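Novice: Here it is, the structure, as structure tokens.
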């Protein structure tokens, strides 16, 4: 058992850390938020140059061959700067799914385009009726000659507004909530029949409601075997959850640091408010919640090769802990900052928003505790 | 980074398991697992078995008879012991006074006391708290006055855990009443059997148990060679001891064992024909505890691994104390709920090891309410959880 980062992981951490520190200042980020597409193409190109867009892909594909810990390190760094670029949507959720399901030609085409920064993706999986349940898919893909015709609705697709390409999860068989019969397709986001209603989210990102009406795709749009996408989809979503948990850990760390700094400086009744025990204990509790999230995120990040049940148990536990602890840290940060915590101009308010709303991406605390409940008998003896 | 156990660590776990399987007496583990009262004899018998194996002194340096284990090995050992139902080793000798003697004691003190501790010849208890000195320990008043080659000790100690069995007590006493409060304290070892003037009175706790005592000192003569470290430097010993008191404080092993037992109980208990474990509210709380336990275990491992070079964790262990005790208390709360109305019957005789039944309710229910109340102590002793927050606040946050 070893908690230290390897040399390569430390290098990755330093690379992201330097980038965020030097270029992703609060003012720079605010400018990015004001832009129409909601992220910076310059920044994206820098990610590409630094090799960050290839972290989870094999070396043959031009990637870094990274696993859970490597993505964790990158995402923590992004979390510290509240980075809004579509890394999770493109690299993790779409790229990894293409890597898992695609044939050589598909991988060569799309992974190279992702790693090089030329093409951005979004994963259109969740639907209005399913909320956080990715198996509830009513979007259908019907055989049409060599290709397919896809119709359906996708809800709150992360970075779906700006994506060049979509990976659409559609049903080629089975009932509306069956695990069997789910297929993944690459769909041009500007294809005929694709309607996107894009918007900003309250945590600084962008997303879209997407309607697909009789969208025609070729046979080469199908990733992997027809109707058999579920295992790869779940493994990919798990990696996405690890990324989100790590991002939360990074953001929580900064929220704690900023709050600590503030209560050391802010004077009331003639002393720094950090001298008051009522606030000291709350600050300690914030740090305790941060430690829990760091710990369980490490556990989740190192569990990708565990048996599927154990992997899911740990990852859902981590996401549920992020939901519980994140809320506490975010609310307390605002409270300890007092009126200043309510202000848009105060950076901590942006951290608080992101930390709280991470709970609403890909399953909240109750949803993941529900999954944990079904796995309560899975032996967790490995660690 | 790899949180999986190495093959060597897994082999070590197998070795510990085989040992427990072979050497842990069944009558003792049955009492532990069923939460029956343990007698002095049970603890001593188990400590002797551990010592024979060389596995009693987990935290001592190897040259004094310690194991030399890594923090991960200690974690595995504690986890396996809890799962097997091994009794807790009495901490006051082996884990508290011994490290102080090793660090600050004279050669004569080491030669005399350490082997006796390993052999369980002495039953030690802790003379720290006083009626007027709880969280504010340094305000203690028990007085020791030097007269020739003796100290004369007068005063009162309290919350003396299992002092009713003890023949030795280590005490913080005031040797200089005029110095600043931390600077006039000394660390004394007192023989309770041979000394005149010591009275031990039981304190009965809210669960009806006799676990703690008050100890009175009336002109007790203590030889000066029983002073550990320098006179008036006892606070240094006291703080050093507290860091050891907090090792293993997370109680991950016992929480894991307790949660496994709780799940088993919840599968067996029926609510209107269905297992309790399927009842949504209960199940949700169980899942929350499971999640918190995973976080705690990893935090514990991270902390002990980081302290590997330094031996014991520093102020970070205060996080573990708070998290660990809150979780253990939450589990006892769930046990109480699992018993339902049968948490109410209060029949202390059902907790005796030789009680053969019949039980009023389910057997597990006999101890749940009293254990729930007993475990309120966890967030109070060893530095209350509020004191731990003060420590973190000062040492880690710099407030």
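Novice: Taking only segment A:11-29 into account, find how many residues are within 14 Å of another protein chain (Cβ to nearest Cβ) and under 21 Å from the mean Cα position of the chain (by Cα). Full working, then the answer.
Specialist: So in segment A:11-29, the residues within 14 Å of another protein chain (Cβ to nearest Cβ) come out as A:11-13.
Within this subset, residues satisfying the condition of being under 21 Å from the mean Cα position of the chain (by Cα) are A:12-13.
Final tally of qualifying residues: 2.
Novice: Oh, and also: Do we have residue B:127 as in contact (Cβ under 8 Å) with a residue 24 or more places away in the chain, over 22 Å from residue B:307 (Cα atoms) and touching a strand residue (DSSP E or B) at 6+ places or on another chain (Cβ under 7 Å) here? First the steps, then the outcome.
Specialist: On the way: in contact (Cβ under 8 Å) with a residue 24 or more places away in the chain: yes; over 22 Å from residue B:307 (Cα atoms): yes; touching a strand residue (DSSP E or B) at 6+ places or on another chain (Cβ under 7 Å): yes.
Yes; evaluated as a whole, the condition is true for this residue.
Novice: A further question follows. So which of B:330, B:297, B:326, B:292 is within 11 Å of another protein chain (Cβ to nearest Cβ), surrounded by fewer than 21 Cβ atoms within 10 Å (Cβ to Cβ), touching a helix residue (DSSP H, G or I) at 6+ places or on another chain (Cβ under 9 Å) and under 30 Å from residue B:391 (Cα atoms)? Write out each step before concluding.
Specialist: Working: B:330 fails: within 11 Å of another protein chain (Cβ to nearest Cβ); B:297 fails: surrounded by fewer than 21 Cβ atoms within 10 Å (Cβ to Cβ); B:292 fails: surrounded by fewer than 21 Cβ atoms within 10 Å (Cβ to Cβ).
Only one candidate qualifies: B:326.
Novice: Can you work out which of the residues in segment A:258-277 that are in a helix (DSSP H, G or I), more than 8 Å from chain B (Cβ to nearest Cβ) and closer than 13 Å to residue A:338 by Cβ is farthest from the chain's Cα centre (by Cα)? Working first, answer last.
Specialist: Within segment A:258-277, the first condition is being in a helix (DSSP H, G or I), and the residues that meet it are A:258-265, A:273-275, A:277.
Now restrict to residues that are more than 8 Å from chain B (Cβ to nearest Cβ): A:258-259, A:261-262, A:265, A:273.
Then keep just the ones that are closer than 13 Å to residue A:338 by Cβ; that gives A:259, A:262, A:265, A:273.
Values: A:259: 25, A:262: 29, A:265: 34, A:273: 36 Å.
Here the residue is A:273.
Novice: Would you mind stating whether residue A:241 is touching a helix residue (DSSP H, G or I) at 6+ places or on another chain (Cβ under 8 Å), under 25 Å from residue A:21 (Cα atoms) and touching a residue at least 60 places away in the same chain (Cβ under 8 Å)? Before you say what the answer is, go through the steps one by one.
Specialist: On the way: touching a helix residue (DSSP H, G or I) at 6+ places or on another chain (Cβ under 8 Å): yes; under 25 Å from residue A:21 (Cα atoms): yes; touching a residue at least 60 places away in the same chain (Cβ under 8 Å): yes.
So residue A:241 passes the test.
Novice: To continue, here is another question. Identify all residues within segment B:5-22 that are surrounded by 15 or more Cβ atoms within 10 Å (Cβ to Cβ) and either more than 14 Å from chain A (Cβ to nearest Cβ) or modelled with pLDDT under 95 (or both); write none if there are none.
Specialist: B:5, B:9, B:19, B:20
Novice: Moving to a separate point now. When segment A:254-313 is examined, which residues are found to be farther than 30 Å from residue A:240 by Cβ and in contact with a strand residue (DSSP E or B) (Cβ under 8 Å, 6 or more places away or on another chain)? Working first, answer last.
Specialist: Restricting attention to segment A:254-313, the residues satisfying the condition of being farther than 30 Å from residue A:240 by Cβ are A:260-284.
Passing the criteria: A:263, A:264, A:265, A:266, A:273.
Novice: Shifting gears a bit: What's the number of the condition residue B:283 fails, among (1) within 30 Å of residue B:60 (Cα to Cα); (2) modelled with pLDDT of 95 or more; (3) facing chain A (nearest Cβ under 10 Å)?
Specialist: Of everything listed in (1) within 30 Å of residue B:60 (Cα to Cα); (2) modelled with pLDDT of 95 or more; (3) facing chain A (nearest Cβ under 10 Å), residue B:283 misses just condition (1).
Novice: Go through the residues of segment B:62-70 one by one and say whether even a single one is within 14 Å of chain A (Cβ to nearest Cβ), at negative phi and either surrounded by fewer than 18 Cβ atoms within 10 Å (Cβ to Cβ) or at pLDDT below 95 (or both). Even if it seems obvious, please write down each step before you answer.
Specialist: Of the residues in segment B:62-70, the ones within 14 Å of chain A (Cβ to nearest Cβ) are B:69-70.
Keeping just the survivors that are at negative phi gives B:69-70.
Keeping just the survivors that are either surrounded by fewer than 18 Cβ atoms within 10 Å (Cβ to Cβ) or at pLDDT below 95 (or both) gives B:69-70.
Looking through segment B:62-70, at least one residue is within 14 Å of chain A (Cβ to nearest Cβ), at negative phi and either surrounded by fewer than 18 Cβ atoms within 10 Å (Cβ to Cβ) or at pLDDT below 95 (or both).
Novice: Right, something else. Select the helices (runs of 4 or more DSSP H) contained entirely in segment B:1-80, then report the ones holding at least 3 residues which are closer than 30 Å to residue B:109 by Cα. Before the answer, list the steps.
Specialist: Numbers: elements: B:7-23, B:26-33, B:40-53.
In segment B:1-80, the matching helices (runs of 4 or more DSSP H) lie at B:40-53.
Novice: Which residue out of A:70, A:36 is surrounded by fewer than 24 Cβ atoms within 10 Å (Cβ to Cβ) and without any contact (Cβ under 8 Å) to a residue 40 or more places away in the chain? Give the steps one after another, and end with the answer.
Specialist: Numbers: A:70 fails: without any contact (Cβ under 8 Å) to a residue 40 or more places away in the chain.
Going through A:70, A:36 in turn, just one is surrounded by fewer than 24 Cβ atoms within 10 Å (Cβ to Cβ) and without any contact (Cβ under 8 Å) to a residue 40 or more places away in the chain: A:36.
Novice: In addition: Hey, among the residues in segment A:304-315 that are outside any helix (DSSP H, G or I) and either at pLDDT 95 or above or over 17 Å from the mean Cα position of the chain (by Cα) (or both), which one's farthest from the other protein chains (Cβ to nearest Cβ)? Talk me through it step by step, then tell me what you get.
Specialist: So in segment A:304-315, the residues outside any helix (DSSP H, G or I) come out as A:304-307.
Keeping just the survivors that are either at pLDDT 95 or above or over 17 Å from the mean Cα position of the chain (by Cα) (or both) gives A:305-307.
Numbers: A:305: 9, A:306: 8, A:307: 13 Å.
Here the answer is A:307.
The values are calculated or read from the model by the stated rules, or taken from the named source; none is laboratory data. Because the structure is a prediction, the values reported are computed rather than measured. Methodologically, a virtual Cβ is constructed for each residue, glycine included, from the backbone with ideal geometry; neighbour enumeration extends over all protein chains shown.
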